[in-house]
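The values are calculated or read from the model by the stated rules, or taken from the named source; none is laboratory data. None of these values were measured; they are calculated from a predicted model. Cβ coordinates were reconstructed from backbone atoms using ideal geometry, including for glycine residues, and neighbour counts include every protein chain displayed. Surface areas here come from the heavy atoms of the whole protein model, side chains and all, with no ligands, DNA or RNA. Shrake-Rupley method; radii C 1.70, N 1.55, O 1.52, S 1.80 Å.
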Amino acid sequence: MRPDDSLGRRLLLAASAFISVALVIAAVVIGFVLHRFVQGQIDQRLDTQITFLASMLHANSAGELSLGGSADGPPFDRLARGWYWQVSGPHNVLRSRALGAGTLDLSTLSLPPPPPPPPDRAMPPPRPADGPGPNDQALHYRIQRLAIDGVPVEIIAAAPRAAVMGPLREAMTTLGLSLLVLGAALVLAIVFQVRLGLRPLDRLRRAVADVRAGRQERLPEDQPVEIRPLVSELNALLKQNAATLERARAHVANLAHGLKTPLATLSVALSAKSTGSRELAELVDVMERRIRHHLGRARAAALGGPVRAQTPVAAALAALGAVLGKVYAERAITFTVDAPEGLAVACEAQDFDEIAGNLLDNAFKWARHKVTVRATAEDRSVILAIDDDGPGLSAAQIPQVLQPGQRLDESAPGFGFGLSITRELVELYGGSLAFARASLGGLRVTLRLPGTP
């Protein structure tokens, strides 16, 4: 089976691909939002430092800058940690203690143009920049140019890039693990959903198997609305096939009764004449064999589809025994059946009744006191052993009773066609008949018919 032959696998792969793409997009979007948030926090801290420095700056008459207090509060008091500030004027430069002897050189940086000032502010916000700092340390800058007492001043506040990337990396690691767990949970949910969603199809498959095996005649109509039209169409098809099968069986039965019985009667009549009938008898025999051959093919074609017919053995034998017990009530025949519950033959009910009915009728007719039936399953067949305590048959008499129109006792009622018709029905179902001496002293008829799955 190719991978794309499985509907469940298709759904799982499509859902897994969609979940993966969605989680990747979510990770990128959330990472971008987190980066802007962390960057905004750092920028706000640096802008606060710039505002604080600007509020403390003074310029004397010579244009030299000075601070009105200490501006090296945390985190700008830690040496060489990347948190720096610097104030540059035309005549002097003020630096944070953390810079030591270093300086913040912006000559190598590509600075963006200053943004226009917002309506509620007199000057534009600080400009951002990223680049190397002292000891090639990666820094993030905020740069503000303004005038203090008429003196142009450039205030720079810097933070290490690690202050942005470190928290972001930790947050993205936690986010990535959370998204992986979420993705695994979603995939498991999809697996459960696919199994739950496809369960009606599995029930439908089992229902079709029950119909095919003969345990059900129709598919149950109580189905989800999505597959209910399919079930309706399948039931309509089953009904149509059943009607077609029944018509074919009726045609076969009509042909059998319309041709075989007159031919058998003609054969008996010809056998009673000793002269001039041999050639006619041979022609009648050829015609009968051909009719049996084509009837068998027609019947096999009608029954050659999926095995749907099944007949419970115990119930059918009990019903036949009850009827025959009433027919032969004056003889008080004891009838016993040993058949396990659930054992069934793959035959139409009327055919099994005709087969078993003919055999049981002969057993009741010739039995003295007792008739027993024992049914067993062997491989894929059902074997029925019908015993009676009557006179039985000799080896020479067995072929004669299977000939149409032949009777061993002409005084007994009947026309001699029962066993021959039974044998033909058994052969059409692929079964067999065998005769032997019974343990009761009479005849044992062993019937083998196909069983149901």
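Descriptive notes on the structure:
- Residue count, region 124-162 (criterion: within 12 Å of Tyr84 (Cβ to Cβ) and not aromatic (Phe, Trp, Tyr)): 13
- For region 434-447, taking the residues that are crowded, with 18+ Cβ neighbours inside 10 Å and assigned to a strand (DSSP E or B), the one that is modelled with the highest pLDDT is identified as Leu447.
- Those residues of region 130-156 which are among the polar types (S, T, N, Q) and either in contact (Cβ under 8 Å) with a residue 60 or more places away in the chain or buried (at least 18 other Cβ atoms within 10 Å of the Cβ) (or both), in sequence order: Gln144
- Which numbered condition Ser66 fails, given (1) open to solvent by less than 60 Å² (accessible area, probe 1.4 Å); (2) assigned to a helix (DSSP H, G or I): (2)
- Which numbered condition Ala80 fails, given (1) open to solvent by less than 30 Å² (accessible area, probe 1.4 Å); (2) at pLDDT below 80: (1)
- Out of Arg407, Arg368, Arg374, Arg423, one residue alone is modelled with pLDDT of 90 or more and of a type in the set (Lys, Arg). It is Arg374.
- In region 56-79, the residues that are in contact (Cβ under 8 Å) with a residue 40 or more places away in the chain and under 16 Å from Ile156 (Cα atoms) form Cβ pairs under 9 Å with partners that are hydroxyl-bearing (Ser, Thr, Tyr) and open to solvent by 30 Å² or more (accessible area, probe 1.4 Å), at six or more places apart or across chains, as follows: Leu57/Ser66.
Listed here are the residues, each with its yes/no results for (1) over 30 Å from Leu188 (Cβ atoms); (2) hydrophobic (A, V, I, L, M, F, W, C); (3) modelled with pLDDT of 90 or more.
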| residue | (1), (2), (3) |
| --- | --- |
| Arg9 | no, no, no |
| Val24 | no, yes, yes |
| Gly63 | yes, no, no |
| Asp72 | yes, no, no |
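- Complete set of residues in region 108-148 that are closer than 22 Å to Glu64 by Cα and at pLDDT below 85: none
- Residue within region 21-28 that is out of contact with any Cys (no Cβ under 7 Å at 6 or more places or on another chain), among the β-branched types (Val, Ile, Thr) and buried (at least 16 other Cβ atoms within 10 Å of the Cβ) present: no
- Against the criterion of being of a type in the set (S, T, N, Q) and surrounded by 13 or more Cβ atoms within 10 Å (Cβ to Cβ), Thr336 does not qualify.
- If you check Ser88, Ser96, Ser55 for being of a type in the set (Ser, Thr, Tyr), open to solvent by less than 20 Å² (accessible area, probe 1.4 Å) and modelled with pLDDT of 85 or more, only one passes: Ser96.
- Options Ala318, Ala301, Ala281: the member that is modelled with pLDDT of 90 or more and part of a helix (DSSP H, G or I): Ala318
Okay, residues lined up against (1) at pLDDT 85 or above; (2) charged (D, E, K, R):
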site	(1), (2)
Ser178	yes, no
Ala189	yes, no
Arg203	yes, yes
Val208	yes, no
Pro220	yes, no
Ser232	yes, no
Ala250	no, no
Asn254	no, no
Gly258	no, no
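- Filter pass, Ser61 being open to solvent by 70 Å² or more (accessible area, probe 1.4 Å), in a loop (DSSP other than H, G, I, E, B) and under 30 Å from Ser96 (Cβ atoms): yes
- From Arg206, Arg212, residue being of a type in the set (Lys, Arg), under 27 Å from Arg10 (Cβ atoms), within 19 Å of the chain's Cα centre (by Cα) and open to solvent by 40 Å² or more (accessible area, probe 1.4 Å): Arg206
- Listed by first and then second residue, the pairs linking a residue in region 157-186 that is assigned to a strand (DSSP E or B) and buried (at least 18 other Cβ atoms within 10 Å of the Cβ) to a residue that is at pLDDT below 90 and among the basic types (Lys, Arg), with Cβ atoms under 8 Å apart and 6 or more places separating them unless they lie on different chains, are Pro160/Arg81.
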